[in-house]
1. For segment 110-153, enumerate the residues that are surrounded by fewer than 19 Cβ atoms within 10 Å (Cβ to Cβ) and aromatic (Phe, Trp, Tyr).
2. What number of residues in segment 205-226 are part of a helix (DSSP H, G or I) and either among the acidic types (Asp, Glu) or at pLDDT 85 or above (or both)?
3. Six or more apart or on different chains, Cβ under 9 Å: which pairs go from a residue in segment 230-254 that's touching a residue at least 40 places away in the same chain (Cβ under 8 Å) to one that's in a helix (DSSP H, G or I) and of a type in the set (S, T, N, Q)? Could you list them?
4. From LYS160, LYS183, LYS215, grab the single residue that is of a type in the set (Lys, Arg) and under 30 Å from VAL238 (Cβ atoms).
5. Can you pull out the residues in segment 179-192 that are crowded, with 19+ Cβ neighbours inside 10 Å and closer than 16 Å to THR140 by Cα?
6. Could you tell me which numbered condition ALA61 fails, if it satisfies all but one of (1) under 28 Å from LEU229 (Cβ atoms); (2) among the hydrophobic types (A, V, I, L, M, F, W, C); (3) modelled with pLDDT under 60?
7. Of the residues ALA167, ALA159, ALA179, which single one is in contact (Cβ under 8 Å) with a residue 24 or more places away in the chain and assigned to a helix (DSSP H, G or I)?
Amino acid sequence: MFSLVQRCCFNTPFKLQKFTGTRLLLHGKSKTTYPSPSLWLQRYVSLLSRPPSLNPASVYAAKLQAFHTSLPFFKKKIPEIRKPGVLERSMESLKNAPKPALYLSLAGLIPFVSVPLAMAIQGTYYPELAFGQVTYGAVTVSFLGGMRWGFALPENSPAKPDWLNLANSTVPPIFAWQALLFKDITSGAVMLVMALGIALHYDISLLPDYPRWFKVLRVVGTVVMVLSLLATLALKAVSELQLNDSRNKWQNSK
């Protein structure tokens, strides 16, 4: 009975558990002798102290566990959910914009973009088109400055009609007026770029109660207008370089 219990509890090989007795032949007679209690205790301790690696069942279990853990490509991979970035969230906010505000704002950028695009296609710089772009930019900057008055004057507006809000709205129109006074297109375009930057700073930083879609629309519009003005200045610089080279060649030919 003890051997059966030992087999079930310790899961050791059958050969190591044949402790039922040792048959000895004495004087031609068979006699059965049983081990003493100290021998039983010694064998019991040796079985418990034996490392589990010698146990066939434990070895098999270890190999089976290694088989399941050493093949990660059989496991089903959980796809990682990528969070949208700042630019993606900003562009998503444009979906909340009212359609008239979105379409009218995008349509207002056409005069800015069409001027350098037309000159690049023709391969010629036109001072009249460049001046028309600067004039339209001055009108746009004046509109952006006066928009602060319409935001601060209503009674339930979070912006107060104080000196700070109302006086800051007059700064972009002054820059726009100064841009039209310059005879040089380069100086006028640079003044408009400064005015657009100031107006954007007012709308983004000083009036945080604007909706997110409006702020994103203001940033996109300002970037397009500034790049259009810089593109016109670049075309003007290229045209002046070509004109100077042609003059130098004509003088050298004489």
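The values are calculated or read from the model by the stated rules, or taken from the named source; none is laboratory data. Fair warning: this is a prediction, and the values are worked out from it, not measured in the lab. Note: ideal-geometry Cβ built from the backbone for every residue, glycine included; neighbour counts use all protein chains shown.
1. Those that are surrounded by fewer than 19 Cβ atoms within 10 Å (Cβ to Cβ) and aromatic (Phe, Trp, Tyr): TYR126, PHE131, TYR136, PHE143, TRP149, PHE151.
2. 15
3. Matching pairs, first to second residue: THR232/GLN133; LEU233/THR186; LYS236/THR186.
4. LYS183
5. Within segment 179-192, ALA179, GLY188, ALA189, MET191, LEU192 qualify.
6. (1)
7. Answer to the check: ALA179.
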